[in-house]
Each structure stands twice: as structure tokens, then as C-alpha cells.
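All remarks here apply to the structure that follows.
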Amino acid sequence: MFMKDRRKVKIVDTTLRDGEQSPGIVFSASDKVMIASALDKAGVEWIEAGVPIMGKEEEEALKHILAAPLKAKIIAWNRAVTADVLASVRCGFSYVHISVPISDLHIKEKIKKTRKWVLEELEQAILLAKSFGCTVSVGAEDAGRADREFFLQVAEVAAKRGAIHIRFADTVGCLTPVSTAELFSFLLPRCSLPIEVHMHNDFGLASANTVVALAAGANMASTTIAGIGERAGNAGLGEVVMALYDLYGIDSGVDVGSLESLSKLVMELSGLPKVPQIRFPMLYKNPRNACI
Amino acid sequence: MRWADQTLLVGMDTPMERAKFHEVVDNLKKLQVTSIDVKVRVWDQYNLSPLNEEQGQLFRGIIKGTVEEVKLAHSLGFKRVIVRETFEQGDGLTKHNIAALRTGNKRKLEMDFLLENASQYSVEKIKKIWRGVFLAGAETFIYNDGDSLLHPLSAARVLGQLVSSMPGRIEFIAHNAYGLATANALGAIQAGVRRIGTAVAGVGCQGHAALEEILMAQKHLLGQKIGETQEIATICKTILAAIKVPISSTKAIIGDELFAHESGIHVDGVLKNPQLYEPFPPEEVGLTRKLVIGKHSGTASIQAKFRQWNVVVPELAVNKILERVRRLAVVQKSPITDQQLWAIYTAAVGE
């Protein structure tokens, strides 16, 4: 198969946002710029850089990234809350991600509202962001435990208001590869927007669920370098990129040669002890014949 | 389900201390593995005494497919033997392999056959090889994806075809070059395979499906009953320490920091209902929940932390504290310690 014939997908890297939420990891402003630049150089087109509403230090770091000469689109993460969106706008973001919880568990227990309320808040937030000229993507939190029809409804509402894609977030990592394949063959033909898959690694399945969903036809996937992130982490950039190329013949646009240095950079900056089992393609570490 | 443990094999190759051997085996038994695979030559090198009856049921000795190796295994007391071969392209069973299998049968050993690079072969070729192996007296065909060529759906498809069309037993050992081992093993399980090779934390040169991940996935994602799990994190870490393989503090299922929540939204959620952001409670695997104060904290985190000390932080002070916490966290590049937090609190309420 020639390179130009390969199916293409896009990586949305969230090392600087979800990755940094990993216990004990803090990136300084210059760390964030370094990582963003390295991702950009490696061919990553979407970089979710942080959460402006988190405060002054975060805003400062984000402004530095926005000022850097990067080709990638730099995204701010927001709840569907006016203050969040305004903070992103003030920070200078053109790309804004607006996340709403969509499982009944989250809607009832976390925000104590209704599905209707969620849709209304989402619409208002999208309109607000767009009124400032932002490009908006929408996030469906806890989609892994949500009613699939409601996910489609959220996508429809978001599409009507001009969002460009919707993130399916398996917030507690409870999908299996088989259920992911089934779910996405159902969702993809019915969804009003392209889907970005965002998987978590609680059962060691984040990278696997990600590549299965992409193979089923999803266009975009969230990753973090070395799979860092909440609890057991996210889909690992290296694992996903290599599996896509080698096992599925899918082109993610990411330079394979940069994967190892990206991992090393994040491990150094995060201050995490260098642990061999950190999630990175093993084929980089152990040549096949060393293992037989 | 039958779990064929590969952890000891990895440990003995590392090499681990001979003194730790029994500690590892005792703990693997607590994890309810049905067999523990070891290389016969390495067993010999470690100078381990001949297997007793219980060990004969538990351990499977891996050998190359020669009569000499079968005899060695037998003399060491192995009752279960795995003939392990890597075929070059176009190869099949040799007369040595067949002689080895037959010799084992004659000595009443349980003989299994492992094809190390099985995923390089088509399903049809595998069936052909398996027929020859089965006729020569092997009981289990072990499909080893040595090159990590499978992904979850192809694993399900290939292994599903084999399990439904072949005589005898089929076992699947997944590898982890692309981070897919656990997923591939789950795919095989869902396609009907009942014998799976695993290792604690998926350790190994090219990795394995992680036993603790599969057990918990079976319980929570496939709705199947498994044994007790409250000790699983401790047991796994004991084994890993004994074989001297370190793991990340956020290793799925058993990492110490898995339930250390820092993000304001997550802390707020977990305080309302832990199920919002936890796939299972930490106690279920023997871990504990922690509240981390750092860059990502919100007001709920601050209040919750002080509530642990029976202190209610005045409304006006919370935001001031939060601001200083965030600044300090970025400067020192680590979470805020309890002492640091108290100092910030004292200064803030004093103003």
C-alpha cells in the first residue's frame, strides 16, 4: 500500500491538559511551550493545551504557547460555563473545546440537573464562543456509560450551532475493544459530526480501544505522550501511532522518528521516575530477536 | 478460564534471585494461576530440586522439540511439558518435534506445543500444523503472537476460527509491542478461548497480557465472576519486587497513585459519588484514595482537605489559598504538602 493511499486520521494531543492531570505532574510555562513545539514538529495538528479558567499561572503558560510560531491548532478546554469560555477568549484562543457530561450518572450526581438543561447550556456556550469568532469542538464526558441516542442528540445540537467535531470520552475507561467496535459502527453513520475518540486506561485498554474506534471509521483520537493522564492514563501517542501504521495501514500524520524523543522529553519534564514499563511501543526498546 | 503464568519465566530470565523463587510461586498461586511456565534448562541452571507432585501439576516445562530435552524434563520431575518452536517461513513440524512429542507421551507426560511465531501463519496453515501436532500426541496448541501482529478484532477472528474448528485445546499468548496484549487476550476470550497466557503487570521482553487487567476486566466489563481481589495490588507488587521489575505508580489496577485525585472537577465529583470518576473503588484492589492539593485543585479540594482536619475554611480565604497553592505548585513542580498547605492557610486567614 503506498503512503498516499493510506487512510488518514488526526491526532488531538492532550498531554498538556489531560496528561498534566496525572497525579504529581506539573508543567511550567516553558515546559508546555517545549512540549507543544515538539508535538508540532512531529506533525501533530491539534494540541489541547490547557484550561484557562484554572488561574493566572495556567493563563500565562497558555499565552506563551499561543505566541509560539506553531502550525498546530491550539485548543482550550472548557466546561459549558460562561466564565470558562470568556477566560479562553481573553487568553486569545481561536479553538475552544466545550465539554458537557452526558451520562445520566454524571448529570444527576455531579451537576444535579437534567439532559434538557445540559443541551441548553451547551448551546449557549457554543453561541458565546462563536460570537467571539472561535471555532468550537464539543466534548461528551462519560459517553462510555451514556445512552448512545443521547450522544447522537448532543452531536446534533452541537452541529446545528456550528461545532466542528464531537469528542466521545470514555471517562472511566470501561469500554472493551469488541464493544468499541460495535458501538462505533452504530454511531458513525448516525452522527451529525465527525467523532474524536478519547479513551482512558483503567483496564489497560485505552490504546486498543482507540485504534479499534479509528479502524471502525472515527476520524480523530485523543492521545497523550507516554499515556500519562488521570488515574491509569490515556491512550499513548506512541502506541497508537505505531499500531495504526503497522497493523492497520492508517496514517496519523505523526513522524514515527520523533516518538522516542517526545517520550523522553515528557518523562524528564514531568519529573516522573524513569520506569521501563511506561507506555511506549516495546518494539523500540527490545528488538524482536533479543526476546526469542 | 485457565491462566498460564509467564511471570516467573520472565523473572528467571532477568535473572532473579534463587531465594525469591518460592515467594514468587506462593504469590502467583494466590492469584489463581492454573499453570506456571518455566524453561527446563533454566530450572536446571537454577539448581532447583526435582519437582514434587504438587509442582508437577502446577509447572509446565518449556523445551526445544528434541528427544534429549524431553528426557531432561522427565528426569527433573516435570509432568507437563511444552515443546516450543519457531518456524522459519515454509517450515512445518520436523521429525525431531514429532519424536519429542511421542517420547513425552510414552513417559506419560502431558505434552503441549507452542508455536512462537504463530501469527506469521494463516489460519489454514495453523490448522495443518496443529493436526500434525495433535496426531503426534500433543494436547494443547499454544498460539503465541510473538511478533505482536494481532489487533483485538483480528485476534478474536483468528482465535475464534481456531477454537471452533480444531480438536484438543487451544491456548493464546498475546504480546505487547503496541500496547494491545490485554486487549487481544480479551478479544480471544470473547471469541471462546479459555486458556490465556498472562504475566503480572504484563512484564516481559515484548510484554504480555497483564493478569490483573484481565481479571478486573472480566469482572467489570464482561460481567463474569472472579475470585477475591482485595489483595491483588499487594500480591502483584510483591511479585514484581521479587523479580526486580519496577512499574509505574499509575500502572492500571495496581499502581499506588491510581486513586490520587488532583483535578478540581474530579475531586468535586469523587466527593459527591466516587463512581463518577472511578471505575471501581480503591479498596476493591487494596489501594487507597488520596486527595492531592496542587495546580489543578479547585475550592472543593481545599475545603475537603481541611474537613479531614475538622477545619472549615472561611469563604473569603479559599480563593486566596487556591491562588497561592497553584503558584507554589508551579514553582516547585510538585503537589503541596500538608505543612505547606497549613502555612498558606494560616497566612491567608491571618490577613
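The values are calculated or read from the model by the stated rules, or taken from the named source; none is laboratory data. Since the model is a prediction, treat every value here as computed from it, not as a measurement. So basically every Cβ, Gly included, is an ideal-geometry build from the backbone, and we count neighbours across all protein chains shown.
Table for the structure above
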{"read-out": "Residue ID - surrounded by the most Cβ atoms within 10 Å (Cβ to Cβ), chosen from residues in the range A:241-258 that are within 8 Å of chain B (Cβ to nearest Cβ) and hydrophobic (A, V, I, L, M, F, W, C)", "value": "A:Ala243"}
{"read-out": "Residue in the range A:178-193 that is more than 14 Å from chain B (Cβ to nearest Cβ), small (Gly, Ala, Ser) and over 26 Å from B:Met216 (Cβ atoms) present", "value": "yes"}
{"read-out": "In the range B:161-183, the residues that are part of a helix (DSSP H, G or I) and either within 12 Å of chain A (Cβ to nearest Cβ) or touching a Pro at 6+ places or on another chain (Cβ under 7 Å) (or both)", "value": "B:Ala181, B:Thr182, B:Ala183"}
{"read-out": "Residue that is nearest to B:Gln206 (Cα to Cα) [pool: residues in the range B:2-43 that are modelled with pLDDT under 95 and not in a helix (DSSP H, G or I)]", "value": "B:Thr14"}
{"read-out": "Residue within the range A:195-213 that is facing chain B (nearest Cβ under 7 Å), more than 22 Å from B:Leu149 (Cα to Cα) and either at pLDDT below 95 or outside any helix (DSSP H, G or I) (or both) present", "value": "yes"}
{"read-out": "Residue match in the range B:143-159 (condition: under 20 Å from B:Arg194 (Cβ atoms) and assigned to a loop (DSSP other than H, G, I, E, B))", "value": "yes"}
{"read-out": "Close pairs from the range A:8-21: first under 21 Å from A:Gly217 (Cβ atoms) and in contact (Cβ under 8 Å) with a residue 60 or more places away in the chain, partner in a strand (DSSP E or B) and of a type in the set (Lys, Arg), Cβ under 8 Å, at least 6 apart", "value": "A:Val12/A:Arg167"}
{"read-out": "Verdict on B:Leu221 being over 13 Å from the mean Cα position of the chain (by Cα) and buried (at least 18 other Cβ atoms within 10 Å of the Cβ)", "value": "yes"}
{"read-out": "Qualifying residues in the range B:1-21 (those that are buried (at least 19 other Cβ atoms within 10 Å of the Cβ) and of a type in the set (Gly, Ala, Ser)) - the one nearest to B:Gln45 (Cα to Cα)", "value": "B:Gly11"}
{"read-out": "Answer from A:Ser131, A:Ser137 - the residue that is at pLDDT 95 or above, more than 19 Å from A:Leu193 (Cβ to Cβ) and of a type in the set (Ser, Thr, Tyr)", "value": "A:Ser131"}
{"read-out": "Helices (runs of 4 or more DSSP H) within the range B:232-351 that include 3 or more residues within 8 Å of chain A (Cβ to nearest Cβ) and under 26 Å from A:Glu141 (Cα atoms)", "value": "B:264-272"}
